[in-house]
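Have a look at the structure below before the remarks.
The values are calculated or read from the model by the stated rules, or taken from the named source; none is laboratory data. Bear in mind that the values here come from a model prediction, so they are computed numbers and not experimental data. A quick note on method: Cβ atoms are made from the backbone with ideal geometry, for glycine too, and the neighbour counts reach across all protein chains shown. Heavy atoms of the whole protein, side chains included, go into the accessibility calculation; ligands, DNA and RNA do not. Shrake-Rupley method; radii C 1.70, N 1.55, O 1.52, S 1.80 Å.
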Protein chains: 6
Amino acid sequence: MVDVTDKPITKRTARATATLITRPDVIALLVAGNLPKGEALATARIAGIMGAKQTSALIPLCHPLPLSGATVDFDTRDDRVIIETSVKTTGVTGVEMEALTAASIAALTLYDMIKAVDKHAQITDLRVLAKTGGKSGDWVHE
Amino acid sequence: MVDVTDKPITKRTARATATLITRPDVIALLVAGNLPKGEALATARIAGIMGAKQTSALIPLCHPLPLSGATVDFDTRDDRVIIETSVKTTGVTGVEMEALTAASIAALTLYDMIKAVDKHAQITDLRVLAKTGGKSGDWVHE
Amino acid sequence: MVDVTDKPITKRTARATATLITRPDVIALLVAGNLPKGEALATARIAGIMGAKQTSALIPLCHPLPLSGATVDFDTRDDRVIIETSVKTTGVTGVEMEALTAASIAALTLYDMIKAVDKHAQITDLRVLAKTGGKSGDWVHE
Amino acid sequence: MVDVTDKPITKRTARATATLITRPDVIALLVAGNLPKGEALATARIAGIMGAKQTSALIPLCHPLPLSGATVDFDTRDDRVIIETSVKTTGVTGVEMEALTAASIAALTLYDMIKAVDKHAQITDLRVLAKTGGKSGDWVHE
Amino acid sequence: MVDVTDKPITKRTARATATLITRPDVIALLVAGNLPKGEALATARIAGIMGAKQTSALIPLCHPLPLSGATVDFDTRDDRVIIETSVKTTGVTGVEMEALTAASIAALTLYDMIKAVDKHAQITDLRVLAKTGGKSGDWVHE
Amino acid sequence: MVDVTDKPITKRTARATATLITRPDVIALLVAGNLPKGEALATARIAGIMGAKQTSALIPLCHPLPLSGATVDFDTRDDRVIIETSVKTTGVTGVEMEALTAASIAALTLYDMIKAVDKHAQITDLRVLAKTGGKSGDWVHE
């Protein structure tokens, strides 16, 4: 695990996204709350937030960070759900991995909620959208 | 968590995949073992296998299953790494989520290993390839 | 950890309960979905189910068991929320501790969701309601 | 998870309590160290302290905090054990949830230690006793 | 993780040992219960048992196993503590790693309890004593 | 868990070691990458680093610390592997337990990788080599 002892403690944020691609009839079930396993979006939100807090236990070389905020939001489209996450910390390294892990676990949870009705769903476009804080400066994914 | 008490215990397998898209020069560093954080593929393999074992702790409605095998393999292409995972159990529910979680954590770990040299990498095409065992029968993703 | 190697594997269930006591105006906020931290019951349900799966990691002498089902339900009354949990396994020991842990974590999560508006809430009446399976036979708490 | 990035870092403490109600003959076994599963109070103390450290992994919207102290004490009465916990941190949010989680896990561990001799035990009066530090000021439960 | 899907389920046991070497005056404090951090042996016993249950989460290629029993015992000598652990399962692979992990975590916990008075303690002779069950047959370390 | 609220936050490091004793032919297989379970040293390195991050969850009275660096290195000798770990933090307590836990988990992982070819391996000489930072001052094990 890279030595970050001498890096300054700054406020840092990262936003990430992931997309679950399924079928329109599955989205209809999801929006209506009629999936066999229940409330898909609320469950995926909680799983994503809890997943963010497990990042340093899951990703071998990630430093543990005291997360000061984490959100998971959903944009439900015709045949897909777009997940967007935001994570904040005051620490020595960035929180891109935490934002990506939140998006990934939220997407996997949605997959789990719909897999009884769509076993061909897939998760795509998992990437960092933007970050602020730290030596490398702020940036936004174009 | 859906009641699976009365489902029969059978041998079950699942295979899943994910793809990390980066740049050819990053793939060259990765293959040569010259990434700043070290041995990327070995680290991602271990992370993926350990991630598979944490599936029921990460995905809220997943049943805990006694995994009897898990593998994570990599196919390094020009500008990407294709991850393929395989998970086995003898249990009452399938292991698609475990195979997907292994692929997802392995992909996130690769992202973490290369993010110092490519902050625009993305993970795509995370899906189940095939499963065997269980009531719904065997299938292969076409 | 007591040796249960030679106990027979049977289907086992347990039901437990806990009660969170607060104020009527807090219950009104909770039912209307107007608590500052969001969807209290959905969050507590997920936390309770995930907590059930962590029982053997939390309670030192609890045996790990392959849970085959877990539910957490809520009965919202004037000044309180009554939580009822149900856990199932096919294993060598009972699942009372899992049902109690689910009820306890669900109740703590509700407390966390309302503590900004009621710091005097309390959790009471955490107990096993009924169990089936195992040598000691079925029983229901009177 | 609520954004606490801009809250000041201060010393914070919280004390919580829980009560396990059982029978006098069970308390006699517990005090004499004659319970079938062994040293109940020492086991519950350790479980409570370890549980406090898992709070942010168990309660979905709890922020991870660097705990700087945690104690679990017991007051053994005629037919009950009163548990009192104390947790400290230097951080941006309070430690009420950590103190409550410690009390809850300690109480569940005691229940587990005595359940072979008393399946009708119950846990009651789980609440915060006092807190110091933070914007909302110090308070003591009356 | 090696594929053990087709291995037969049998009763399996393993015993392991570890030794913590310190000074006679430290052993005197430990036996008298006068160490600054409190009850060393009870704490180490619980930590060892809980550690056994975390083996498959800690050792990357270990299969998860439903432990049916685990004990940690101590033999206090003039200048050392000899730890002996025993673990049982009914499963497809042996429990040597679980017995070793229990011994290791118990020894580390003892080290943690005494390190304020002896920073030169060391842990030695961590090994498997005996195993039963499985294809390779029973054996005892000579 | 001892109250360290008022201890100053300083940079702290610790180095620890452990030795796995096996046979020369096993070391030959390990160095050649011909062990049945695969890449032993890379797997043990990752396991050790991940283990360091779990220290406060494994050792009951250890405070959680934000690790800012962790390394695990190996020196392969004729009939043994010498493991050396280094852990850093900026915090209120030392990281000896984290360095020892990393060494211990790395050694156990090596044992797991070779146990199919050497069931008589043992782990010895697990101890702290040096520490810096904190009230008790720097020291090196002679």
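Can you name the residue in the range A:2-29 that is outside any strand (DSSP E or B) and hydroxyl-bearing (Ser, Thr, Tyr) and, of all such residues, is surrounded by the most Cβ atoms within 10 Å (Cβ to Cβ)?
Restricting attention to the range A:2-29, the residues satisfying the condition of being outside any strand (DSSP E or B) are A:2-9, A:22-29.
Checking which are hydroxyl-bearing (Ser, Thr, Tyr) leaves us with A:5, A:22.
Details: A:Thr5: 14, A:Thr22: 21.
Checked the range A:2-29; the qualifying residue surrounded by the most Cβ atoms within 10 Å (Cβ to Cβ) is A:Thr22.
Residues that are without any contact (Cβ under 8 Å) to a residue 40 or more places away in the chain and of a type outside the set (Asp, Glu) within the range D:70-92 comprise D:Ala70, D:Thr71, D:Val72, D:Phe74, listed in sequence order.
Residues are listed down the side, and each one gets a yes or a no for (1) facing chain C (nearest Cβ under 7 Å); (2) buried (at least 18 other Cβ atoms within 10 Å of the Cβ):
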position	(1), (2)
D:Ala99	no, yes
D:Ala107	no, yes
D:Ala116	no, no
D:Ile123	yes, yes
D:Arg127	yes, yes
D:Ala130	no, no
D:Gly133	no, yes
D:Gly137	no, no
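Which residues, taken from the range C:80-139, are among the aromatic types (Phe, Trp, Tyr) and either modelled with pLDDT of 95 or more or in contact with a Ser or Thr (Cβ under 7 Å, 6 or more places away or on another chain) (or both)?
Restricting attention to the range C:80-139, the residues satisfying the condition of being among the aromatic types (Phe, Trp, Tyr) are C:111, C:139.
Within the range C:80-139, C:Tyr111 is the sole residue that qualifies.
In the range F:47-61 there is no residue that is under 28 Å from F:Gly94 (Cβ atoms), of a type in the set (S, T, N, Q) and assigned to a strand (DSSP E or B).
Against the condition farther than 30 Å from E:Val117 by Cβ, assigned to a loop (DSSP other than H, G, I, E, B), out of contact with any His (no Cβ under 6 Å at 6 or more places or on another chain) and open to solvent by 20 Å² or more (accessible area, probe 1.4 Å), how does E:Leu65 come out, does it pass? It would help to see each step written out before you state the result.
Values: farther than 30 Å from E:Val117 by Cβ: yes; assigned to a loop (DSSP other than H, G, I, E, B): yes; out of contact with any His (no Cβ under 6 Å at 6 or more places or on another chain): yes; open to solvent by 20 Å² or more (accessible area, probe 1.4 Å): yes.
When the stated conditions are applied, E:Leu65 passes them.
Taken over the range F:30-46, the criterion of being under 27 Å from E:Ala52 (Cβ atoms) and in a loop (DSSP other than H, G, I, E, B) is satisfied by F:Leu35, F:Pro36, F:Lys37, F:Gly38, F:Glu39.
When the test is whether a residue is within 9 Å of another protein chain (Cβ to nearest Cβ) and at pLDDT 95 or above, D:Ala16 does not pass it.
Is there a residue being among the acidic types (Asp, Glu), over 13 Å from the mean Cα position of the chain (by Cα) and open to solvent by 10 Å² or more (accessible area, probe 1.4 Å) anywhere in the range B:80-97? No.
Out of A:Ala32, A:Ala40, A:Ala44, A:Ala57, report the one residue that is hydrophobic (A, V, I, L, M, F, W, C), open to solvent by 40 Å² or more (accessible area, probe 1.4 Å) and over 27 Å from A:Asp138 (Cβ atoms). Step through it out loud before you land on a result.
Details: A:Ala40 fails: open to solvent by 40 Å² or more (accessible area, probe 1.4 Å); A:Ala44 fails: open to solvent by 40 Å² or more (accessible area, probe 1.4 Å); A:Ala57 fails: open to solvent by 40 Å² or more (accessible area, probe 1.4 Å).
None of the others qualify; the one that does is A:Ala32.
Filtered by the rule that a residue be closer than 23 Å to E:Gln122 by Cβ and either assigned to a loop (DSSP other than H, G, I, E, B) or within 14 Å of chain C (Cβ to nearest Cβ) (or both), the range E:68-97 gives E:Val72, E:Asp73, E:Arg77, E:Asp78, E:Asp79, E:Thr85. Please tell me if D:Val26 is among the aliphatic types (A, V, I, L, M) and either at pLDDT below 95 or within 25 Å of C:Tyr111 (Cβ to Cβ) (or both). So D:Val26 fails the test. The C-beta contact set for the range B:43-56 (first residue within 11 Å of chain F (Cβ to nearest Cβ), second residue at pLDDT below 95, distance under 7 angstrom, 6+ apart or interchain) comprises B:Ile49/E:Met1. Taking residues in the range A:123-142 that are within 30 Å of A:Arg23 (Cβ to Cβ), and partners anywhere that are open to solvent by 30 Å² or more (accessible area, probe 1.4 Å) and among the charged types (D, E, K, R), the pairs with Cβ atoms closer than 8 Å and at least 6 places apart or on different chains are A:Ile123/B:Arg127; A:Thr124/B:Asp125; A:Val128/A:Arg15; A:Val128/B:Lys119; A:Leu129/A:Arg15; A:Leu129/A:Glu84; A:His141/A:Arg127.
Selection of the range A:119-142 for residues being touching a Phe, Trp or Tyr at 6+ places or on another chain (Cβ under 9 Å) and outside any strand (DSSP E or B) yields A:Lys119, A:Ala121. In summary, D:Thr109 fulfils each of the numbered conditions (1) part of a helix (DSSP H, G or I); (2) touching a strand residue (DSSP E or B) at 6+ places or on another chain (Cβ under 8 Å) with the single exception of condition (2).
Does F:Val4 fit the bill of being in contact with a strand residue (DSSP E or B) (Cβ under 6 Å, 6 or more places away or on another chain), of a type outside the set (Phe, Trp, Tyr) and closer than 23 Å to D:Leu65 by Cβ? Considered against the rule, which asks whether it is in contact with a strand residue (DSSP E or B) (Cβ under 6 Å, 6 or more places away or on another chain), of a type outside the set (Phe, Trp, Tyr) and closer than 23 Å to D:Leu65 by Cβ, F:Val4 comes out as yes.
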